[in-house]
Amino acid sequence: MLTNEQVLADINSKFGDYVTDVADPFGMLTFTTTREKLVDLFRYLYDHKEFQYQFLTTLCGIHYPDQVGRELGVVYHLHSLVQNHRIRIKTFVSIDNPLVPTLTGIYNSANWQERETYDFFGIEFTGHPDLRRIMNVDEMDYFPLRKEYPLEDQQRRDKDDRMFGR
Amino acid sequence: MDYNLATAATAPDKELVHYVNELTTINLGPTHPATHGVFQNVLKMDGEKIVSADTTVGYIHRAFEKLAEHRPLYQITPITDRLNYCSSPINNMGWHMTVEKLLGVQVPKRAQYIRVIMMELARISDHIICNSILGVDTGAFTGFLYVFQMREKIYEIYEEICGTRLTTNMGRLGGMERDLNERAITKLRAFLKEFPVVLQEFIDLFERNRIFMDRTLGVGAISAEMALNYGFTGPNLRAAGVDYDVRVHEPYSSYEDFKFEIPVGTIGCTYDRFLVRNEEMWQSVSIIQQALDNLPNDGFAADAEHYYLPPKQEVYRSMEALIYHFKIVMGEIDAPVGEVYHSVEGGNGELGFYLVSDGGRAPYRLHFRRPCFIYYQAYPEMIKDMVLSDAIVLLSSMNVIAGELDG
């Protein structure tokens, strides 16, 4: 049975300078890495003889407007089916230069999920073969899951939502 | 229309070559009876052969992830109903378990067993739809009618549990809303007696049917490596020969108490997927039987008054219940800070919830891992060089649910 410490020690020995914010909320090893080393790290984990993190469970964006310089994040969940072990990897970029390298070269399943993340957060995946909007219309000129966009039209006067919603 | 005129210009008979090289464009969807949902494929056809497919999704996108950021935790349950609406209880329970993990609420065994019963019923109803519609798409309508009467029985059991049928909003944070009543147990027992007969009849109609086998055997095969790389989960992955099942790999809701097998296929073709689903229904029947026979007696809800909505009759009589009712309904109760990923084995794959809480009453971010959104992207590659009628059968056997696809 693989433990978080084993995995972390192995990753640290290779990518120690690029692994920060290590935690294990609810038992899942979580750490942050930089976009420069992202593809190398995933390739390493994919090819690793023992770990074999070959299943990209999910990939999604997240927006923290208060973290100046690293507002937008991408959260990856990896799963090693052989070892039955999951890890979570995050990377953060600035909202002015939201470029993250694509993982489509390693996982085919990253394709639409990266398109979805681009669609909702405006994170551009460099090297993606077909980076278009997927859920929203192509003409849309904003990224709706960013925190600055309210759920409803704020101009409406016919609804009093003070007691409801966030 | 794309005309390949490059060769036509130099060819001796211009007119003739023009016809030979012509590709036909066909819109499969967005509203096509064979797609069983709202999504579009623009197919380039060379005669009856598919040359390329361009997929458009998002027709019924309802911004669930944005909506969820503005709702107290318990109000998100009805959103999850509308993901895979063929097996809503699984989505509901998956969401409840995610939140319970974040809140640290321990659910009593009885509630967990009731949840297992409901989730397995939902799995049966999901597989019934997928397999019988696959029959319809190959031209066999009878099997569909046979098994759909059983789906009606399942919906009647849902009605006894939670009062609704399709979008169930079943259970609550911390347990179930009420105990299994006598009528529900009677209906469950009757279902367990009747369903195997109907399922066997359905299987007899299809599994060795020459026409059905000709249409499905070897159609749309996918290798285990490719299936994993495309993020396949659920019966589609197991048909390709990978025995990954969240119920076994990360048991939730006391699945470790039950004995069941994970059926796997060999080459991942349509016929394999059909067989895997049929076998899973047998396993589900066995799980329901085990859960019903060994139902513990330790209450159907956790003792978590901050999160579990009190019974209505209590609200009228006791002060605390009234206060907690008000606080929960108005969303006055904050969730702890944390991030949690929890997944359950949905009808068509691993349904995951990634919940980030910043200590507010609503999630800071909620992401649904929607299984068919992830595996449907393999479809254009799988149908390349296939004839159109096979592509329809393949689509049907992949169990793509538009509500879940678009989220």
Query raised in the report: Among A:144, A:65, A:101, which is farther than 26 Å from residue B:60 by Cβ and open to solvent by less than 50 Å² (accessible area, probe 1.4 Å)?
Result: A:101
Query raised in the report: What number of residues within the range B:205-251 satisfy the criterion of being outside any loop (DSSP other than H, G, I, E, B) and away from chain A (no Cβ under 14 Å)?
Result: 11
Report task. Take the range B:313-343 and flag every residue that is at pLDDT 90 or above, under 32 Å from the mean Cα position of the chain (by Cα) and surrounded by fewer than 18 Cβ atoms within 10 Å (Cβ to Cβ). Result -> B:336, B:337, B:338
Requested in this report: Go through (1) open to solvent by 40 Å² or more (accessible area, probe 1.4 Å); (2) in a loop (DSSP other than H, G, I, E, B); (3) of a type in the set (A, V, I, L, M) and name the single condition residue B:275 misses.
Outcome: (2)
Query raised in the report: If you go through the range B:388-405 one residue at a time, do you hit one that is closer than 30 Å to residue B:32 by Cβ, open to solvent by 40 Å² or more (accessible area, probe 1.4 Å) and outside any loop (DSSP other than H, G, I, E, B)?
Result: yes
Query raised in the report: Right, residue A:145: touching a residue at least 60 places away in the same chain (Cβ under 8 Å) and either assigned to a strand (DSSP E or B) or not polar (S, T, N, Q) (or both) or not?
Result: yes
Report task. Scan the range A:21-53 for residues that are open to solvent by 70 Å² or more (accessible area, probe 1.4 Å), more than 17 Å from the chain's Cα centre (by Cα) and more than 15 Å from residue A:5 (Cα to Cα) and jot them down. Result -> A:47, A:49
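Okay, residues lined up against (1) within 13 Å of chain B (Cβ to nearest Cβ); (2) open to solvent by 50 Å² or more (accessible area, probe 1.4 Å); (3) at pLDDT 90 or above:
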| site | (1), (2), (3) |
| --- | --- |
| A:83 | yes, no, yes |
| A:105 | yes, yes, yes |
| A:110 | yes, no, yes |
| A:121 | yes, no, yes |
| A:153 | no, yes, no |
| A:156 | no, yes, no |
Query raised in the report: Within the range B:106-126, can you find the residues that are touching an Asp or Glu at 6+ places or on another chain (Cβ under 9 Å) and of a type outside the set (Gly, Ala, Ser)?
Result: B:106, B:107, B:108, B:109, B:110, B:112, B:113, B:114, B:116, B:119, B:123, B:124
Report summary line: How many residues of the range B:252-262 are in a loop (DSSP other than H, G, I, E, B) and more than 16 Å from residue B:350 (Cα to Cα)? The answer is 5
Query - Per-region count, the range B:33-83, residues within 11 Å of chain A (Cβ to nearest Cβ), open to solvent by less than 20 Å² (accessible area, probe 1.4 Å) and within 23 Å of residue B:385 (Cα to Cα) - result: 2
**Report entry** Restricting the range B:332-367 to residues that are closer than 30 Å to residue B:402 by Cβ and part of a loop (DSSP other than H, G, I, E, B), the residue that is nearest to the other protein chains (Cβ to nearest Cβ)
**Finding:** B:362
Query raised in the report: All but one of (1) outside any loop (DSSP other than H, G, I, E, B); (2) farther than 20 Å from residue B:347 by Cβ; (3) of a type in the set (A, V, I, L, M); (4) open to solvent by less than 50 Å² (accessible area, probe 1.4 Å) hold for residue B:304; which doesn't?
Result: (1)
Query raised in the report: In the range B:235-256, is there at least one residue being farther than 24 Å from residue A:58 by Cα, under 18 Å from the mean Cα position of the chain (by Cα), among the aromatic types (Phe, Trp, Tyr) and buried (at least 17 other Cβ atoms within 10 Å of the Cβ)?
Result: no
Query raised in the report: Does residue B:374 satisfy being assigned by TED's automatic domain parsing to the domain that holds residue B:228, buried (at least 21 other Cβ atoms within 10 Å of the Cβ), in a helix (DSSP H, G or I) and not aromatic (Phe, Trp, Tyr)?
Result: no
Query raised in the report: Within the range A:85-98, how many residues turn out to be β-branched (Val, Ile, Thr) and open to solvent by 20 Å² or more (accessible area, probe 1.4 Å)?
Result: 1
**Report entry** Per-region count, the range A:24-67, residues at the interface with chain B (Cβ under 9 Å from one of its Cβ atoms) and of a type in the set (Gly, Ala, Ser)
**Finding:** 1
Report task. Check the range B:334-342 and report whether any residue there is closer than 28 Å to residue A:136 by Cβ, β-branched (Val, Ile, Thr) and in contact with a Leu (Cβ under 6 Å, 6 or more places away or on another chain). Result -> yes
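The values are calculated or read from the model by the stated rules, or taken from the named source; none is laboratory data. Predicted, not measured: the structure shown is a model, and the values here were computed from it. Note: ideal-geometry Cβ built from the backbone for every residue, glycine included; neighbour counts use all protein chains shown. All accessible areas refer to the heavy atoms of the entire protein, side chains included, with ligands and DNA or RNA removed. Shrake-Rupley method; radii C 1.70, N 1.55, O 1.52, S 1.80 Å.
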